[in-house]
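S.K.: Pasting a structure below so you can have a look.
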Amino acid sequence: MTLREIKELLQAEILTGEELLDIEPTSICGSDLLSDVLAFTKEKSLLLTGLTNSQVIRTAEMSDLIGIVFVRGKRPDNATIELATIKKIPLLTTRLPMFESCGRLYQGGARGCSEVK
Amino acid sequence: MNPHQPHIEIKKEITGGDFSTAGGISSELKNILQQAGLPPQFIRRVVIATYEAEMNVVIHAYRGTFSTSIYPDHVQVVLEDEGPGIPDVDLAFQEGFSTAPAHIREMGFGAGYGLSNMKKCSNQIDIQTQVGKGTKVMMTFWLDPSQVKSSVSV
Ligand SMILES: Nc1ncnc2c1ncn2[C@@H]1O[C@H](COP(=O)(O)OP(=O)(O)OP(=O)(O)O)[C@@H](O)[C@H]1O
Ligand SMILES: [Mg+2]
């Protein structure tokens, strides 16, 4: 499933990185704990989160994540979006809450970080 | 080239409590390691560990320095801070142990996984700390981890 297909499933809006949406994440992770993301996600994963501070972008940068979806209509400030643009990390925002976002993606065939090698 | 002489040395300042620039040094280090052509998996474990260490200084200490030496076969990082120090280092390494206050937890930190993840990502980690003074964290990352045992101590 590519980021573009994920965007459709979540009826999400693109905040930055339109040109990077044809990538396919190896797995998807939903978390509001950055040190969990740093400790347990695989590289090339997609992160779903309710956090919008700039450290979410830094965490994605260090962990080699391929994108971030903000759930429940959350939206980072412009400086944070700008940082993601520079770091080439696409950002999406969906009105759906965390559970429903994860549910739709799982039902669509996406898998979590403990399920992939 | 002398393998015991660093290729590149970097020294930067960290300001405690400054969340807008926090992580910037690990980000710069990532760029440098990428330009040096090191493997992505290696770079990932180095910068995840240095980012956790950098955030610990920002979150828990007042100010610090971040020094990196890049050698042909390994990377060495030293973070030295002025801060409260760590009263019980073994306890601090336990997953889930954290003294981070509520506003830090709201940012997504403070799960108490930083130090254990730094240990997991590095090939060697040493901590010297003095309560009321500060903390020094030293980490070594070998490109080929099988070289760890034959390494000279520094
Ligand atoms: N540089 C430091 N100065 C003072 N205390 C520290 C420092 N680094 C770590 N500590 C102490 O050790 C504890 C555990 O650190 P660790 O990095 O594992 O977790 P954390 O920073 O609290 O949360 P997380 O890293 O998961 O966001 C901290 O809560 C803090 O009490
Ligand atoms: Mg920490």
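S.K.: Need the C-alpha centroid separation for the stretch B:30-67 versus the stretch B:74-136, integer Å.
M.R.: 14
S.K.: Is it possible to state the helix-based mean residue ellipticity at 222 nm for chain A, with each DSSP H run of 4+ residues giving -39500 (n - 2.57), the sum divided by total residues, to the nearest 500 deg cm²/dmol? What is it?
M.R.: -10000 deg cm²/dmol, from helical runs alone.
S.K.: Rounded to whole Hz and in sequence order, give me ³J(HN,Hα) for the stretch B:138-143 from the Karplus expression 6.51 cos²θ - 1.76 cosθ + 1.60, θ = phi - 60°, writing x for Gly and Pro.
M.R.: Working through the residues one at a time gives 10, 10, 10, 10, 9, 4 Hz.
S.K.: Filter A:Lys42/A:Lys117; A:Lys74/B:Lys30; A:Lys42/B:Lys119; A:Lys7/A:Lys44; A:Lys42/B:Lys30; A:Lys117/B:Lys30 down to the pairs with a C-alpha to C-alpha distance above 20 Å, please.
M.R.: A:Lys74/B:Lys30; A:Lys117/B:Lys30
S.K.: Give, as a single signed number, the net charge of other residues whose beta carbon lies under 11 Å from the beta carbon of B:Tyr113, with Lys and Arg counted +1 and Asp and Glu -1.
M.R.: -1
S.K.: Could you sort B:Thr135, A:Thr52, A:Thr26 by their accessible area in this structure, using a 1.4 Å probe and putting the largest first?
M.R.: A:Thr26, A:Thr52, B:Thr135
S.K.: Quick check: net charge around B:Lys12, other residues with Cβ under 12 Å of its Cβ, Lys/Arg +1 and Asp/Glu -1?
M.R.: That works out to -3.
S.K.: Can I ask one more? So, with a 1.4 angstrom probe, what is the percent of accessible area on the stretch A:3-109 that is carbon and sulfur?
M.R.: 51
S.K.: Turning to a different aspect of this structure: In chain B, how does Rg compare with the Kirkwood Rh, expressed as the Rg/Rh ratio over alpha carbon atoms?
M.R.: Here the Rg-to-Rh quotient is 0.96.
S.K.: For chain B, return all DSSP H helices satisfying: extent of Cα atoms along own axis at least 20 Å; mean Kyte-Doolittle hydropathy at least 0.0.
M.R.: Membrane-span-like by this criterion, though nothing is claimed about a membrane: B:40-60.
S.K.: What accessible area per residue, rounded to a whole number of Å², is obtained for the protein assembly as shown using a probe radius of 1.4 Å?
M.R.: With all protein chains present, the protein assembly as shown gives 49 Å² per residue.
S.K.: I would also like to ask the following. Hey, in the GNM for chain B with a 10 angstrom Cα cutoff, which one of B:Val131, B:Val58, B:Val47 fluctuates hardest?
M.R.: Looking only at B:Val131, B:Val58, B:Val47, the largest GNM fluctuation is found for B:Val131.
S.K.: In a shell of Cβ-Cβ distance under 12 Å around A:Ser101, excluding A:Ser101 itself, what net charge do Lys and Arg (+1) and Asp and Glu (-1) give?
M.R.: Local charge sum for A:Ser101: +4.
S.K.: While we're here: Can you give the mean number of other chain Cβ atoms that lie within 10 Å of the Cβ atoms in peptide B:117-130?
M.R.: Mean partner shielding for this stretch: 1.
S.K.: Provide a whole-number value for the mean count of partner chain Cβ atoms within 10 Å of the Cβ atoms in peptide B:38-47.
M.R.: Counting other chains' Cβ atoms within 10 Å and averaging over B:38-47 gives 2.
S.K.: Continuing with the same structure: Go from 0 up to the bin containing the longest alpha carbon distance in the stretch A:3-109, width 5 Å each, and give me the % of pairs per bin.
M.R.: 2, 14, 28, 28, 22, 6, 0
S.K.: Treat each spin label as a single point 7 Å out from the Cα along the C-beta direction, and report the A:Asp36 to B:Thr65 distance in nm.
M.R.: My value for the distance between the label points is 3.8 nm.
S.K.: Give the long-range amide H neighbours of A:Gly67: residues separated by 5 or more places, or on another chain, with amide H under 5 Å away, using H modelled in the peptide plane at 1.01 Å from N.
M.R.: Distant-sequence amide H within range of A:Gly67: A:Leu47.
S.K.: Quote the relative contact order of chain A in percent (integer), defining contacts as alpha-carbon pairs under 8 Å separated by 6+ residues.
M.R.: 32
S.K.: Just from its helices, what would the mean residue ellipticity at 222 nm be for chain B, if runs of 4 or more DSSP H residues each count -39500 (n - 2.57) and the sum is divided by every residue, rounded to the nearest 500 deg cm²/dmol?
M.R.: -10000 deg cm²/dmol
S.K.: Using alpha-carbon pairs under 8 Å, 6+ residues apart, how would you state the relative contact order of chain B in percent?
M.R.: 25
S.K.: Among B:Leu91, B:Leu29, B:Leu115, determine the one that fluctuates most according to a GNM of chain B built with springs between C-alpha atoms less than 10 Å apart.
M.R.: It is B:Leu91.
S.K.: What list of ³J(HN,Hα) values in whole Hz, one per residue of the stretch B:100-112 in order, does the Karplus curve 6.51 cos²θ - 1.76 cosθ + 1.60 (θ = phi - 60°) give from phi, with Gly and Pro shown as x?
M.R.: So the J values, rounded to whole Hz, are 4, x, 4, 5, 6, 5, 5, 7, x, 9, x, 7, x.
S.K.: What does the average come to when, for each residue of peptide A:64-72, you count the partner chain Cβ atoms lying within 10 Å of its Cβ?
M.R.: Taking all residues of A:64-72 together, the mean is 1.
S.K.: Charges only on Cβ, +1 for Lys and Arg, -1 for Asp and Glu: so what's the dipole of the protein assembly as shown about the Cα centre, in debye to the nearest 20?
M.R.: The dipole magnitude comes to about 260 debye.
S.K.: Would you pull out the residues with amide H under 5 Å of B:Gln124's amide H, same chain only if 5 or more places away, H placed 1.01 Å from N?
M.R.: The list, which skips near neighbours in sequence, is B:Thr140.
S.K.: Please build a GNM for chain A, connecting alpha carbons under 10 Å apart, and tell me which residue among A:Thr94, A:Thr49, A:Thr59 fluctuates the most.
M.R.: Sorting by GNM fluctuation, first place goes to A:Thr59.
The values are calculated or read from the model by the stated rules, or taken from the named source; none is laboratory data. These numbers come from a predicted model, not from an experiment. Cβ atoms come from the backbone with ideal geometry, glycine included; neighbour counts cover every protein chain shown. Quick note on the areas: whole protein, heavy atoms, side chains included, nothing else; ligands and nucleic acids left out. Shrake-Rupley method; radii C 1.70, N 1.55, O 1.52, S 1.80 Å.
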